Amino acid sequence: MGFSFIIDAMDGRARAGTFNTPHGAVSTPAFMAVGTLATVKALDPAELETMGAQMILANAYHLHLRPGDTLIRELGGLHDFMGWSRPILTDSGGFQVFSLAALRTVDEEGVEFRSHLDGSRRHFTPESVMQIERNLGADVIMQFDHVIPGQSDGASARDASERSIRWLVRCARELSRLSEEESKPDQMLFPIVQGGIHEELRREAAAEIMSSGDWKGFGIGGLSVGEAKQDMYRMLEVVDDVLLEGRPRYLMGVAREAVRAGTFSEWSRDWLARYHSQHTISA
């Protein structure tokens, strides 16, 4: 099974769909359980399936540091490593690097930072992150992006958003090169829409991403990082009609709502009913 997205039903602007991946289908909207280090704390894969989890989120930054993405590759990739046969998505580490404000520097080439574990110096670029995510072997991988605080001014938000788009081009180019060199299962790269809480920047970023490639899904990032919730909802609305309708959308970093709502399936139904948005919510 390859990648596809089928809209099964619509109610106003709300969508219910099926996101097909090489490791199975995900009924959307869906919440992804957070398995940062290739494990969801206190739950094993069988328990996750019983609770209704369809897709798990792991993190490239943390897994690169420990136990190491090359080791995971040698052990068969994340699916074998964690004993999970269903779909997996890996975040690129952009948010984690953002959270190390006192330990990192950002320039056009990438981000230099010190490990929060042992202080060792590391350097992430769009190219190196694609290699890490390729080693991990998740179905969906996220581009390396430049994340900034939610209340950042327009100039800072534009700088980060435009850099993220330039990094997206480099991510796509490197993933294409790696895919040609290796015979491995397909991976789908999702771009990430940035722009802070500035409507014009958000729409510009979404339009630029749309024109840069035939993306099979989109991430909406740089939210739930300090801005007011109403600003977050507003940013979702302003990109809604720019992004291609027939694609899944991954709203990044809103897990607290899911914890309050209960099980994964209950949260999905609750979000769909309450917000009637057209976004496919994954995390």
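Values for this structure:
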quantity	calculated
Nitroxide proxy distance, nm - points 7 Å out along Cα→Cβ at Q151 and L244	3.8
Dipole magnitude of the chain about its Cα centre (Cβ charges: Lys, Arg +1; Asp, Glu -1), debye to nearest 20	400
Whole-Hz ³J(HN,Hα) from phi, Karplus 6.51 cos²θ - 1.76 cosθ + 1.60, for the stretch 249-254, glycine and proline x	10, 10, 7, 8, x, 10
For the stretch 25-112, projected area of the alpha-carbon convex hull averaged over all directions, nm²	7.2
Dimensionless Rg ratio for the chain, taking C-alpha atoms and the 2.2 N^0.38 Å reference	0.94
Amide H contacts of I88 (H built 1.01 Å from N, under 5 Å, at least 5 apart or other chain)	I56, D139, V140
Amide hydrogen neighbours beyond the local backbone of T28, cut-off 5 Å, H modeled	G17, T18, F19
Euclidean distance between Cα centres, the stretch 1-72 to the stretch 96-145, Å	21
Loop GluC sites (Glu not before Pro), the stretch 83-116, which have at most 11 other Cβ atoms in a 10 Å radius of their Cβ (DSSP)	E108
In sequence order, calculated HN-Hα J values of the stretch 54-67 (Karplus, 6.51, -1.76, 1.60; Hz; x Gly/Pro)	10, 8, 10, 9, 10, 10, 5, 4, 5, 6, 5, 6, 7, x
Global form of the stretch 81-209, assessed from the alpha-carbon gyration tensor, a/c cut-off 1.5	oblate
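Quick note: the coordinates plus some simple rules give every number you see, no bench work behind them. As the structure is a computational prediction, the values presented were derived from the model and not from experiment. Ideal geometry is used to build each Cβ from the backbone, glycine not excepted, and the neighbour counts take in all protein chains shown.
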